[in-house]
Amino acid sequence: MDSIRLETSAHLLPDITTIPLSPGKPESQPILVSESPLNPLKIPKTAIRTSLQASTIDAVFAAVFSITTGGILLSNFLVELGASPVVFGMLSSIPMLVNLIQPLGAYFSEKTTSRFRYSMWIYGTSRVLWLLLAVGIWLAGWGVVDSHQLIILTLVIVLTTHLLGGLGGASWLSWLAVIVPRRLRGRYFGIRSSVASLTNLICVPLAGVAVSTWYGGTLQGYGVVLGIGILAGFISLGCQYFKVDINPQQQNRCGLEGIGNQQKDDGETGEDRNTDGNILHLSSNPQCPIPNIPIWQNQNFLTFLGYFGLWMFAVNLSAPFFNFYMLDTLALDVSWVTFYGSIQAGANLLLMVLWGRLADRIGNRSILIWVGILVAITPILWLGVNGSNLDIWLWLPLLHILAGGTWAAIDLCNNNLQLGIAPLRNQVNYFAIAAAVAGASGALGTTIGGFLAENPISGGLPGIFTISCLCRLIALIPLIFIQEPRRKSLLQSIREFSDGVWHIGHCRRRGEEKI
């Protein structure tokens, strides 16, 4: 792993800084770079490329780990143990509520000197804890542990690991924000998310078959699959060794613009055309530091928080009840529900890269506004579904394709917009607060949605879908006032949105003609 030290003063010569390798690798000739107001700190592009490749491979193994420690496999494991609905309610609320601890994690991470080491401590400990559940399953097979104790152990591990994840989430996102060049964020995160989605599509059915057909029973089968997932989790941590390390204290102290983030007169290339083409830049200019503006004085970010909080609340009013609507109100078989889920995941996978390229071209805010309107009215489209053959074979698949394609854009652009508007100095605090607001508002939306769904006055599930639609539309209003760096006004974005779609379609047609 290459360790990049963000120096603000020279050690040997007035304008010379060295970039040493980490202690894990043999010392080679140091890379000498110039550091002056006109010549920022240079980072080898090969190190950036290696970091991005390692992060993508990390996403694959992390997806395998997540499949085995959550989702349908963990839920089926608890069902086999005879868990009550209260347990499943706790299982759903824990991931959202633990985001409240992210500001504390941001504080701890900024006291360290290495993003890599902090990540190893946090996520290494988190993944070791899952070994306790694997041991518990093995002991349950010998009759040492009963089902009730195993349920409690599972909940404790889920709560503890998500708390640790909350302590490390903001630091990890800030680490990637520095590594990924601004002009490639949409494309890169689109590809990374697509790779993770493809892993889910392939591994979830395989893991389900392995658990259900294991000769020792489903509980023992889940224990074997869990062991494989834990191994994949450790491999994903090993991939982080090959990512460029960042010292958060030096990042906050120097005037840091970010890798490839300089605004050039000749376009957002992220490179200095007068220097070697194999390098990218980290601005480390002590004469022009980024001002340390408190979060409560950053109006642009506060506007984003208002949008993000309202949006998460509005979405979670209805999000948990679509599957319930199909299973209970429409009385569909669970196989149909899983089939629709696969269709949605496939649409998400196919369109993620397209949305990433479009976001790099026209910006994230424009996509969030126009695609957000589609997402907002989607709950209303469910009101006409009655379980007929036409709905089962046509309307429900179309709804899930629409959901998969639009949510690919929403998830990607929300992440990129947050990366773009948060200043790099004390950046991790911004990410932590955004996650805390999203977790609290999402949990509140789910809770209120549950109460309204059981209240006849609100109209049951159809009433919830209508209320969620109105709240989603209201939540989009603050987006109009958010200023995305180096992006044009809303009216210009409307024109560029159509131009961007035409450009991508035209490029694809040209590629097909060449083939």
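Quick look at the values:
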quantity: Dipole of the stretch 126-252 [Lys/Arg +1, Asp/Glu -1 at C-beta], most positive-end residue of 244, 200, 154; calculated: 244
quantity: Accessible area expressed per residue, the stretch 84-172, with surrounding protein chains retained (probe 1.4 Å, Å²); calculated: 49
quantity: Cβ crowding within 10 Å averaged over residues, with 122-132, 390-400 ranked highest first; calculated: 122-132, 390-400
quantity: For the stretch 63-196, alpha-carbon Rg over 2.2 N^0.38 Å; calculated: 1.22
quantity: Carbon/sulfur fraction of accessible area - the stretch 332-460, other protein chains in place, 1.4 Å, %; calculated: 70
quantity: Kirkwood hydrodynamic radius of the stretch 389-428, from inverse mean 1/r over distinct Cα pairs, in Å; calculated: 12.4
quantity: Average accessible surface area per residue within the stretch 369-480, 1.4 Å rolling probe, Å²; calculated: 38
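The values are calculated or read from the model by the stated rules, or taken from the named source; none is laboratory data. Here the structure is a predicted model, which is why all the values come from computation and not from measurement. Ideal geometry is used to build each Cβ from the backbone, glycine not excepted, and the neighbour counts take in all protein chains shown. Surface accessibility is based on the protein's heavy atoms, side chains included, excluding ligands, DNA and RNA. Shrake-Rupley method; radii C 1.70, N 1.55, O 1.52, S 1.80 Å.
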